[in-house]
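Below is one structure; the comments refer to it alone.
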Amino acid sequence: MRRDPHPFYDRVRASGRPVLQIDPAGNGFWVVVGYADVLTGLRHPAIGHEIHRHCPGLPEPASHHLPDVARIESRQLINLDPPDHTRLRGLVSGGFTSRAVARLEPWIGDLADRLVTDARRRGRIDGITHLADPVPVNVIAELVGIPEPDRPRFRAWSAAIVSASPEGPAATLEFGAYLDELAARRRVAPEDDLISDLVTRADQDDQLDRDELVALVQLLLIAGQETTVDLIVNGIRLLLTHPEQWQALREDPSLAAAVVEETLRFRGPVEIVPPRFTFQDVELAGGLIPAYDRVGLSLWGANRDPAVFDRPHVFDIHRPDVRRHIAFGYGIHFCLGAHLARMESRIMFERIARHLPGLRLAVDPVDLDAFRLHHSGLPLHV
């Protein structure tokens, strides 16, 4: 199931109804996989995150985290509904428009050039460490305002938090303390970065409290790193395990944007959107989901729906219908960093095709486990 969930998603789709599953923690959730049904769920007014605002008598979910950590997690943008979601997203959305991120393209291009030059010098590399990881880590840190000497420390915090390891809560608290110090410095000497802007807004307009600031910056940094790293490394893996597609990109590096979109469709960074709940009985995907139940809207399932995509289980960078994918979600929770992720990945695929045409796997493809790439790495010969 973890190595390839798509046969399961195909069965759910064929059943014509939501299917109840139990997660490892023992919580039930209804899996929805059809493209039209997932779109409906993403924009349904009775499906959202803040279930306790709609059912005040519901017991608070048990948290294994310290109160300070749980409080920060509860203020994450991806866990909120309007009006708080609208307010917080509005504070940062201006920094992620296509025009705003376009100014970073020369800087990203220079960084990508350095990475491929270093890879050629090494000869054998890890696709994550030497190609996929450095661009998103440094770009989002630059945009948000993390000083360069502090970035390795934050990278460790980010990895601990996103892995749900026992070190995660401590990393959240350490990052919160670090951000308190950085915010204090920006109050005295603001810079042209997102943290300075947020601190100014918080102080002047009282639009942002301390926990919201920590939660917002933490989410931007983690989401801006982890998901784009996943996109780039999966694109490399898919190209190198589909030789005809890799050859096409090498012959025409301008196809890099198409590689980004097909990678997003075929195996995007997010399998199922963050947990959502029904606030009343909801008819969806041919069935009735009871009020206050959890809903698992599968982006992977939607993006392999044969009713929308021709030969959905085939990786094809020439696909004419690829732009219909919803790998970045839909509606009010559409990925804030979509423009940035697309640009970073496009630049990396283009540079790899031009300057590393001999790139190949250093392991047998059958030994690759796409689900565990972040743990096992991607050994490559240049």
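The values are calculated or read from the model by the stated rules, or taken from the named source; none is laboratory data. Everything quoted here is computed from the prediction, not taken from an experiment. Cβ: placed from backbone, ideal geometry, glycine included. Neighbour counts: every protein chain shown.
Conditions tested, residue by residue: (1) surrounded by 11 or more Cβ atoms within 10 Å (Cβ to Cβ); (2) under 22 Å from the mean Cα position of the chain (by Cα); (3) closer than 23 Å to C335 by Cα; (4) of a type in the set (D, E).
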| position | (1), (2), (3), (4) |
| --- | --- |
| R2 | no, yes, no, no |
| L20 | yes, no, no, no |
| G28 | yes, no, no, no |
| G41 | yes, yes, yes, no |
| A46 | yes, no, yes, no |
| H54 | yes, no, no, no |
- Query: (1) touching a residue at least 12 places away in the same chain (Cβ under 8 Å); (2) surrounded by fewer than 18 Cβ atoms within 10 Å (Cβ to Cβ); (3) not aromatic (F, W, Y): which one isn't true of A112, the others all being true?
  - Reply: (2)
- Message: Going through E344, E271, E350 one at a time, which residue ends up being within 20 Å of L219 (Cβ to Cβ) and buried (at least 18 other Cβ atoms within 10 Å of the Cβ)?
- Response: E344
- Query: So which of G337, G301 is out of contact with any Asp or Glu (no Cβ under 6 Å at 6 or more places or on another chain) and modelled with pLDDT under 95?
  - Reply: G337
- Task: Quick one: which residue in A353, A362, A338, A302 is aliphatic (A, V, I, L, M) and within 30 Å of S15 (Cβ to Cβ)?
- Result: A302
- Residue check for R103: closer than 21 Å to L231 by Cα and of a type in the set (K, R): no
- Task: Take the residues in segment 155-190 that are modelled with pLDDT of 90 or more and not in a helix (DSSP H, G or I), then tell me which one is surrounded by the fewest Cβ atoms within 10 Å (Cβ to Cβ).
- Result: A189
- Task: Output the residues belonging to segment 205-249 that are over 20 Å from E73 (Cβ atoms), modelled with pLDDT under 85 and either of a type outside the set (S, T, N, Q) or under 15 Å from the mean Cα position of the chain (by Cα) (or both).
- Result: D205, D206
- Of the residues that make up segment 251-258, is at least one at pLDDT 95 or above, touching a Phe, Trp or Tyr at 6+ places or on another chain (Cβ under 7 Å) and assigned to a helix (DSSP H, G or I)? yes
- Task: Looking for whichever is under 27 Å from L179 (Cα atoms) and surrounded by 13 or more Cβ atoms within 10 Å (Cβ to Cβ) here; the options are I125, I140. Which one fits?
- Result: I140
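Residue-wise test of (1) of a type in the set (K, R); (2) assigned to a loop (DSSP other than H, G, I, E, B); (3) more than 25 Å from E271 (Cα to Cα).
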position	(1), (2), (3)
M1	no, yes, no
Y9	no, no, no
L20	no, no, no
D68	no, no, yes
S93	no, no, no
V101	no, no, yes
- Query: For the subset of segment 286-323 comprising residues that are among the hydrophobic types (A, V, I, L, M, F, W, C) and in a loop (DSSP other than H, G, I, E, B), which member is surrounded by the fewest Cβ atoms within 10 Å (Cβ to Cβ)?
  - Reply: A307
- Item | Residue in segment 340-382 that is modelled with the lowest pLDDT, counting only those that are more than 30 Å from R89 (Cβ to Cβ) and small (G, A, S) | A370
- Would you call A202 at pLDDT 90 or above, aliphatic (A, V, I, L, M), crowded, with 18+ Cβ neighbours inside 10 Å and more than 25 Å from the chain's Cα centre (by Cα)? no
